Structures are given as structure tokens and as C-alpha cells.
1. For the range 229-281, what are the residues that are touching a helix residue (DSSP H, G or I) at 6+ places or on another chain (Cβ under 6 Å) and assigned to a loop (DSSP other than H, G, I, E, B)?
2. Could you tell me which of the residues 352, 330, 395 is under 18 Å from residue 422 (Cα atoms), in contact with a helix residue (DSSP H, G or I) (Cβ under 9 Å, 6 or more places away or on another chain) and assigned to a loop (DSSP other than H, G, I, E, B)?
3. Report, by residue number, each residue of the range 155-183 that is within 19 Å of residue 214 (Cβ to Cβ), part of a loop (DSSP other than H, G, I, E, B) and within 17 Å of the chain's Cα centre (by Cα).
4. Take the residues in the range 92-110 that are part of a loop (DSSP other than H, G, I, E, B), in contact with a strand residue (DSSP E or B) (Cβ under 6 Å, 6 or more places away or on another chain) and touching a residue at least 60 places away in the same chain (Cβ under 8 Å); name whichever of them is surrounded by the fewest Cβ atoms within 10 Å (Cβ to Cβ).
5. Filter the range 67-86 down to the residues that are touching a residue at least 60 places away in the same chain (Cβ under 8 Å), more than 26 Å from the chain's Cα centre (by Cα) and part of a loop (DSSP other than H, G, I, E, B) and list them by number.
6. Name the one entry in 278, 315 that is surrounded by fewer than 23 Cβ atoms within 10 Å (Cβ to Cβ) and within 22 Å of residue 366 (Cα to Cα).
7. Across the range 154-174, what is the number of residues that are crowded, with 24+ Cβ neighbours inside 10 Å, out of contact with any helix residue (DSSP H, G or I) (no Cβ under 9 Å at 6 or more places or on another chain) and over 19 Å from residue 225 (Cβ atoms)?
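The values are calculated or read from the model by the stated rules, or taken from the named source; none is laboratory data. Since the structure is predicted, the reported quantities are computational estimates derived from the model, not experimental observations. Note that we place each Cβ from the backbone using ideal geometry, even for glycine, and neighbour counts take in every protein chain shown.
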């Protein structure tokens, strides 16, 4: 996690995972990718659940050991964290109402030692390293996070080969982390060889109008395919990462990862609690679910239809650069045969669906152009049947919802209307 890399948890974690570099706030790279805010998560996944925990059980019970390993220790986890992670139900217990409650509190045991001396705080960290790991799919948790300076909750994943290749070669996916001084903001980040620690690649998501995440439950998720990761909050995607974001570094998100939940106190990124920090603080987890990606509609080749059942069409069936894209009566010809790929491109006639001049402006022309790998040609097909240009965070749109033959398509702020609803097939 940018909230504590997989660090020193004696006896409860794989041996090779017990050393990790200090972690700082991840670099917020590729601003165009960050602009995917307020969109539906890409690549709808199968409804079939592959793993999950709804935390049903009596109040005070520990988590199911057939699903979770409870880590222990006060090593600082490579981040100079201040808490001691306790065993059993001392700091992680069911509430009898279908929730797991992870509690961070001030330590009263003078014999409990941390890396800096007597531990100031206790908390809990759980992982599925011994019970569940999966490559690709949809990973989701509904959480009400705590608040306060120095408080650091996280829902994240690590590659299951960490015991042999070590971090960051194993890869790390931070689905959600928050530092208490940012009550309305969470972060999603990836770490790997050449882009770890403070160089992690990620983006923040902020609630509108000064709202705080600690005030209510929110759903944090990542959709993971072989060539992309898309983060969402409450079903609204806010960033997509692909190998193109790595600047030539290795994409390591190609093997199973396991799940981690934890609540850290202090550390290099959030800093220590201060006089404004109140304890105890609780991270309340409603559920954690994982589903497979078996019904992902991509890759797809065929027609794309929009308003009035009209087809997305290359004007004049021309393959020349800058040929406008329009709506047209469906004819089945090559100008209406599109390939929506896992690489984020939408192609016809050997060229790519493109935003003219890589514009982020409403009304920008959508055209055909030689494929070049830029954000102007990266598209995400969402569960709401929108086509989001991930370079701008805006949607493929028919002006005023027109279904007239020859309507030229444009880029427009995503609004969920039929003017932006596209059907594959």
C-alpha cells in the first residue's frame, strides 16, 4: 500500500515479504489519466463471485481463519509506522451486524515493543496470502474509513510471488488508501520495478462539496484486465492505467495477487498523530468481494450502434487521417466494422478512433487517425455503455442526442444520457 508496503510482520507473512522500502506519497503521474473522474468503471465483469467475505458472525468474533491471516508486529512496515498489529480479535472483530471493525487505539501495555521503543498504538492488518489470490477481475470493498491526522486506512493487493521475487517486482495495487489530513480524498496507485514508493503511479479521487469519506460507507474497487487497471469510487471510475503509463518499465500485473486490509497509525506519508487526533479510530468494512472477468465484452469486433440504432461510421469509408466519424444507417460495410481492444484502442480501416488535436474541450471533433498510442486514442467501454476517452475523461457523444444520418460525433462531458450510450453488437 502506499499505506504500508508489505512489511515486517513476523510469522504471519511470507518471509521474503518482511523487508520493504520506506513509502511516501505516490507520484501523481499522467494527469490526463486522472481526468477519468466521475465515469462508470470500465470493462464490466462477470457477476459470478470468486471469493468474498461479508463478515457475518457474532459480535466480538475474530475473522474467519479460512479466509484471512491476521498479521502481528511493530516493525514499522518499512514506513516508520507507529502501531503494533495485534493477533486475534483484539483490534479486528466482527460487530454482529455484518461488519468487520478494525480499531486503532492508544496502547496501554508497557511491555509491547515497536521499532522505536514502547508502542504508542495498536491496530490490525489482515491478508489472504495463504487462502486466496487471483489474476484479473473485479475487486471491491465497501468501507467507512476513520478520520484524523496520522490515520492511514488501506484496501490493497500484492503479487503472490512476493516471497520469491520480492517487492516491488511482485507488484502492488493500492485500491484505496487515505491519509487523515485529507478527509475528502482517497488514492489509487500501482507500484512495480522502476515505479515504486514515491514513484508509484496513481491518482486521487475527491468527494464534492467538502464531504468527508469518514461520514459514510463508500465502495472502492478496481477492474483489472491483462492490459489495464481502472479504479472507481461508488461505481464512478477516476483513472485507468495501462503499460503505456510506465515509460518503458515492466508491467507486472500479469499474475495472481492477494488482498490486504489494514489501518496504520503514523508513518512517512501521513505523519504522526497530533493534538487534534482522537482515539480510538475505526475502519468499518461491510464486505470484500472478488469476481472473475469471464464475461468481459472485450476484445470485440463488429458494429457499434448509438442513438436510434444508428451505426458509428467512418465518413465516406475513407481511411485518410482526420476523416470525421459520424452516425449512419447500418450497412455492414468495413466503415462500420470496429475493433474495441484490450489495449484501449477502437479501430476501423486499420486506423484509430481519435480526438482531434488531443483536445479536452467539449465539442472536439472525433476522427479517424493513424494509431499512435497517445491518450487521444485511448478509450474505455463502461458498464453504462459509454465510451470514455481516458486521455480527457470525456465521452463519445452525438450532439443533442441526434440520430440523424450524417451526424458528426464529438467529445463531450460525460452525462449518462442516451446521446452517450453505445452498444457493441
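1. The answer is 251, and nothing else.
2. After applying the criteria, what remains is 330.
3. 178, 179
4. 95
5. Those that are touching a residue at least 60 places away in the same chain (Cβ under 8 Å), more than 26 Å from the chain's Cα centre (by Cα) and part of a loop (DSSP other than H, G, I, E, B): 72, 75, 82.
6. 315
7. Counting residues in the range 154-174 that are crowded, with 24+ Cβ neighbours inside 10 Å, out of contact with any helix residue (DSSP H, G or I) (no Cβ under 9 Å at 6 or more places or on another chain) and over 19 Å from residue 225 (Cβ atoms) gives 2.
For every residue, the table says whether it meets (1) modelled with pLDDT under 95; (2) in contact with a strand residue (DSSP E or B) (Cβ under 7 Å, 6 or more places away or on another chain).
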| position | (1), (2) |
| --- | --- |
| 272 | no, no |
| 283 | no, yes |
| 287 | no, yes |
| 290 | yes, yes |
| 294 | yes, no |
| 324 | no, yes |
| 327 | no, yes |
